[in-house]
Amino acid sequence: WQQHLEMANLRRNKKQNYINKTICFLLPLVVVCSLTSLFGTLPEKWEQHELQELTHHVQEDPSRNIKKKKCAKIAIGAKLKFPDKKGKVWTEKNWGAITTKQSKTWKELDCVEELGIYDTKLLSYKDTLPQGVYKPILSPSEQTELYEMTKALVSHFESVGILYSLSFGNLLAVIRNNVAVLPWDDDIDFVIHGDGKMRQTLTKGLKKLTGKVYTSAANIGVWELPGGYVMYEKKWGMPWKVHPREKGFPAIDMSTFKIKETKEGGKRYVSNKEQFGNAHLKMFNKLAAWYGTMKSTLTVPFSADVRDPITFHVPDEILKVVADDYGEKSLTECQTSFVHNPLCNRGGEGADTDYCVDSMADHFTKIFFPCTLLPSQYHGMILANEPLYSGA
């Protein structure tokens with residue numbers, strides 16, 4: 001933009017000088033003065049014209065790369081499974097359901113490089129963060145749906161008196177970025193106390209659903225949560241899940257923990273490893289003292305497009321929990337290297353799926369960057385001592 005504006009100003013000044021010299025050469029001095037006042041508005045008109053050309057140019061050449069979008073659409077539509085290392089030979093399994101035409105386009109556009117599938121980028125405070133990085137994976141309507149579903153579950157937690165806390169990436173987001181759901185995240189995570197009566201407590205007052213009820217995973221039992229959502233106990237993986245009645249996305253995951261005595265006489269909150277089979281983190285084993293009574297709360301805007309506040313129970317020593325999960329660097333350094341639903345499975349085609357495909361074009365590359373490169377709405381309290389912090 002700056003370069004285009006400078007060029008526009010230069011062209012405008014050259015035109016003005018040319019006209020002024022021509023007038024001075026052809027007309028008497030007295031006439032020149034009067035005519036110069038008439039031509040005084042011309043530079044503004046030329047500037048408007050140049051700006052219109054510049055705007056048109058920007059609209060024709062958007063920051064989001066068209067080739068990148070095409071590649072993302074192929075990767076997601078064909079459900080490609082990328083080899084774990086660059087240079088590995090692609091097998092039939094990797095190519096998924098790709099068509100001959102898609103395969104040809106994929107190779108012609110060099111989509112592996114275009115999407116930066118195996119790339120890692122490290123940005124500094126002097127760099128500019130591409131806008132696509134903080135375009136949410138969830139569409140505005142999905143963010144609203146997840147917000148309403150989270151409110152319903154939190155309200156239920158409070159009514160039955162179960163011990164719970166916001167956890168994992170969402171816990172990091174509320175303290176570091178002043179939102180519950182980061183742009184590159186697509187779910188909500190809780191940890192709940194899984195004692196012997198947990199199922200009875202968690203499902204208290206809820207109607208048990210029978211017959212054919214859609215769930216995104218095999219279940220032991222399904223209950224109806226107020227608002228038209230289903231909550232069910234899974235047979236494997238993360239023990240409990242919540243999602244809309246007719247589709248499996250967006251979703252809320254709940255892991256359970258038990259209280260274990262340590263040899264030193266303390267207590268720890270521990271989950272079995274089977275819960276984290278496909279998760280980013282592979283364990284939950286925390287000092288109980290970090291969580292205290294699990295009655296501390298924090299209120300933040302929910303997400304990028306849903307700015308309504310929501311209140312969560314959080315650990316007393318929230319920074320210690322987050323640093324234990326992701327390392328101390330995570331308190332000021334962001335990364336967009338993990339997306340739960342990279343193939344945009346939305347239960348069919350539609351506007352939400354199209355939105356996800358468009359967003360995912362900028363989320364294949366691993367990018368590490370100072371969190372203050374994000375817009376100010378994502379500047380949480382622990383970034384206050386960082387360069388570029390604008391307050392939250």
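The values are calculated or read from the model by the stated rules, or taken from the named source; none is laboratory data. Owing to the predicted nature of the structure, the values given are computational and were not obtained by experimental measurement. Ideal geometry is used to build each Cβ from the backbone, glycine not excepted, and the neighbour counts take in all protein chains shown. SASA here: full protein model, heavy atoms, side chains in, ligands and nucleic acids out. Shrake-Rupley method; radii C 1.70, N 1.55, O 1.52, S 1.80 Å.
If r is the Cβ-Cβ distance from Ser376 to Asn345 and R0 is 41 Å, what FRET efficiency results, to the nearest 0.05?
0.80
Can you list the HN-Hα couplings for the range 289-299, worked out from phi with the Karplus curve (6.51, -1.76, 1.60; θ = phi - 60°), rounded to whole Hz and with x for Gly and Pro?
4, 5, 8, x, 8, 6, 10, 5, 10, 9, 10
Among rounded, prolate and oblate, which fits the range 180-337 when a ≥ b ≥ c are the square roots of the eigenvalues of its C-alpha gyration tensor, a/c under 1.5 means rounded, and a/b larger than b/c means prolate?
oblate
Once amide H atoms are placed 1.01 Å from N in the peptide plane, what residues at a sequence separation of 5 or more from Phe284, or on another chain, have their amide H within under 5 Å of its amide H?
HN-HN under 5 Å from Phe284: Ser271.
Relative to the present Cα-Cα distance, how much length would full extension add between Lys258 and Lys151 at 0.36 nm per residue of separation?
Length gained between Lys258 and Lys151: 36.0 nm.
Report the equivalent ellipsoid semi-axes for the range 274-343 in whole Å, largest first, defined as the square roots of five times the eigenvalues of the gyration tensor built from alpha carbon atoms.
Each semi-axis is the square root of five times an eigenvalue, giving 21, 20, 13 Å.
Step through the table entries Lys121/Lys282; Lys88/Lys121; Lys70/Lys234, compare each Cα-Cα distance with 27 Å, and write down the pairs that go over it.
Violating the 27 Å Cα-Cα cut-off are Lys70/Lys234.
Under 5 Å between amide hydrogens, which residues at least 5 positions from Asp186 or on another chain qualify, with H placed 1.01 Å from N in the peptide plane?
For Asp186, whose amide H was placed from the backbone, the distant partners under 5 Å are His340.
When the chain is fully extended, how far beyond the present Cα-Cα distance does Thr215 get from Tyr125, taking 0.36 nm per residue of separation?
Gain on extension, Thr215 to Tyr125, equals 28.0 nm.
Could you calculate, for the range 217-260, the ratio of the Cα radius of gyration to the Kirkwood radius, expressed as Rg to Rh?
Value, to two decimals: 1.00.
Take the Cα atoms of the range 293-392, build their convex hull, and give its volume per residue in Å³.
142 Å³
So what J values fall out for the range 196-204 if you push phi through Karplus, 6.51 cos²θ - 1.76 cosθ + 1.60 with θ = phi - 60°, rounded to Hz, Gly and Pro as x?
Karplus values, whole Hz, x for Gly and Pro: x, 9, 4, 4, 4, 6, 5, 9, 4.
Quick one: which residues, 5 or more positions from Lys267 or on another chain, have an amide H under 5 Å from its amide H? H modelled 1.01 Å from N in the peptide plane, none for Pro or chain starts.
HN-HN under 5 Å from Lys267: Thr262, Ala288, Ala289.
Given that compact globular proteins tend to follow 2.2 N^0.38 Å, what is the ratio of the alpha-carbon Rg of the range 95-244 to that value?
Normalised by 2.2 N^0.38 Å, the Cα Rg of the range 95-244 equals 1.37.
Checking the a/c ratio against 1.5 first, then a/b against b/c, what shape does the Cα gyration tensor give for the range 68-130?
Note, shape of the range 68-130 comes out prolate.
Could you work out what % of the accessible surface of the range 295-392 is carbon and sulfur, using a 1.4 angstrom probe and leaving DNA, RNA and ligands out of the count?
48 percent
With the alpha-carbon atoms as the only input, what is the per residue convex hull volume for the range 160-239 in Å³?
130 Å³
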